[in-house]
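This is the structure I have questions about; it appears just below.
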Amino acid sequence: MEARPGDGARALLRILRDLPGKVRPEEPLAPHTTFRIGGRALALYRPPTEEALVEAVVRARSHGFPWLLLGGGSKLLVPDRGFPGLVLSTAALRAWREEDGTLTVGAGTPLSRVARWGGWKLAGIPGTVGGAVAMNAGTRYGSIGEQILSVRALLPDGRVRTFTPEECRFTYRDSLFRRLRLPVLAVALRPDRGGDLRTLLAERARTQPLDLPSAGCVFRNPPGQSAGWLIDQSGLKGARVGDAVVSERHANFICNLGRARAQDVLELVEFVQDRVVDRFGVWLSLELEVVEA
Ligand code: EPU
């Protein structure tokens, strides 16, 4: 028999009780991340509509609960102790509308679908469109920001606003939405059909460890340099803390060999940063989003 949810989870269930869709108390978050790491949320809610998502954020805020938006969970490290608040999954927000060559999609749409529609440079990137926009996901050929026509996002005061591409302030793996923690709700894009999606997928399969759980590249590339190369040249491939290991195939990946804890990953991250500083005098900053509560 399942244990009864604790006080915090029950309080969240209460404030969300009239919203559509299911709220799951004390939901384990590891299965919702590509790293397969992390403890439980106080509650996980998958709003079926944009309006329900907005309302849930507004209520969590006004009742003083921490909240976290979960897209594809592909660049996320959830602490072992979990998240003491409301996790909102965008998975059900998958509206899809094509008009005059423009695609408008909900934040929870898998990025792979958009890549197939017309985003070859985004081929092979996991996650959702909302998460990809927030962190301006991309490959070395280009980033999603270059295809954006507009982004609808939630402001801190509960209003919804549409942003022009300039207002999104896209930079390398970053945007206004990530910096200000504004939930992305929907995105309009133009296609980019210049290159070959399949070549990129094959390149990725050849150079990256796609067979083990990971969060993709852990560190940002320093300007003009490659984090993977720096880590490799520091002799760190195969370095291991618990079940977290620096990939032998691509040194900027940390893989979960099975039972890695968030703490193992964080220790390995520090170890890599220290060794690369010693060897090259370069401090590697994180691309991985470490959840703090
Ligand atoms: N390299 C090594 N050893 C390694 C890994 C790479 O020597 O273990 C060398 C490669 O030989 C190459 C250079 O480093 O000369 C760059 O490597 P790669 O072509 O794999 O590109 P990257 O800069 O490491 C970036 C993105 C990837 C994206 C690839 C392909 C970042 C931090 N990484 O990797 O994105 O898939 O280009 O376009 O921007 C991600 O963001 O999660 C990610 C994997």
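Can you compute the modelled spin-label distance between residue 180 and residue 203, with each label point 7 Å from Cα toward Cβ, in nm?
With each label placed 7 Å out from Cα toward Cβ, I get 3.4 nm.
Where the centroid of each part is defined by its Cα atoms, how far is segment 123-143 from segment 1-76 in Å?
After rounding, the separation between the Cα centres reads 24 Å.
How would you order 143-153, 234-244 from highest to lowest mean count of nearby Cβ atoms within 10 Å?
143-153, 234-244
Rolling a 1.4 angstrom probe over the protein heavy atoms, how many square angstrom per residue are accessible across segment 96-189?
I get 42 Å² per residue for segment 96-189.
Further question on the same structure: Compactness ratio of segment 1-40: Cα Rg over 2.2 N^0.38 Å, N = residue count? Walk me through the numbers on the way to the answer.
Working: Rg = 12.0 Å, N = 40, 2.2 N^0.38 = 8.9 Å.
Relative to the rule-of-thumb radius for its length, segment 1-40 sits at 1.34.
May I ask you to give the percent of accessible area on the chain that is carbon plus sulfur, with a probe radius of 1.4 Å?
50 percent
Can you give the Rg and Dmax of segment 250-293 based on its C-alpha atoms, in angstrom?
Answer for segment 250-293, Rg first and Dmax second: 11.5, 33 Å.
Here's another thing I want to ask about it. Local charge sum around residue 288 (other residues, Cβ-Cβ under 10 Å, Lys/Arg +1, Asp/Glu -1)?
Combined, the nearby Lys, Arg, Asp and Glu give 0.
Could you tell me how many cubic angstrom of Cα convex hull volume segment 7-89 has per residue?
That works out to 80 Å³ per residue.
With all pairs of different alpha carbon atoms counted, what Kirkwood hydrodynamic radius in Å does segment 96-189 show?
12.9 Å
What lysines sit close enough to residue 121 to cross-link, taking a C-alpha to C-alpha distance under 28 Å and skipping anything fewer than 8 places away on the same chain?
Leaving aside lysines fewer than 8 places away in the same chain, those within reach of residue 121 are 75, 237.
Continuing with the same structure: As a test of understanding, state the convex hull volume per residue of the chain from its alpha carbons, in Å³.
Details: hull volume 40.1 nm³, N = 293.
It is 137 Å³ per residue.
Eigenvalues of the Cα gyration tensor times 5, then square-rooted: what semi-axes does that give for segment 1-153, in whole angstrom, largest first?
In descending order, the three semi-axes are 30, 18, 12 Å.
For the chain, what is the calculated [θ] at 222 nm in deg cm²/dmol (nearest 500), taking -39500 (n - 2.57) for each run of four or more DSSP H residues and dividing by its residue count?
Result for the chain: -7500 deg cm²/dmol, rounded to the nearest 500.
Each label point is 7 Å from the Cα along the Cα-to-Cβ direction; what then is the distance between the points at residue 193 and residue 292, in nm?
4.5 nm
So, one more: Could you please report the charge total around residue 216, scoring K, R as +1 and D, E as -1 over all other residues with beta-carbon less than 9 angstrom from its beta-carbon?
0
What are the extents of the Cα atoms of segment 147-293 along their three principal axes, listed from largest to smallest and rounded to whole Å?
In descending order, the Cα extents are 47, 41, 33 Å.
The values are calculated or read from the model by the stated rules, or taken from the named source; none is laboratory data. Computed from a prediction, not measured in an experiment: that's the story for all the values here. Glycine also receives a Cβ, built like all others from the backbone with ideal geometry; neighbour counts cover every protein chain displayed. Ligands, DNA and RNA are excluded from the accessible area calculation, which covers all protein heavy atoms including side chains. Shrake-Rupley method; radii C 1.70, N 1.55, O 1.52, S 1.80 Å.
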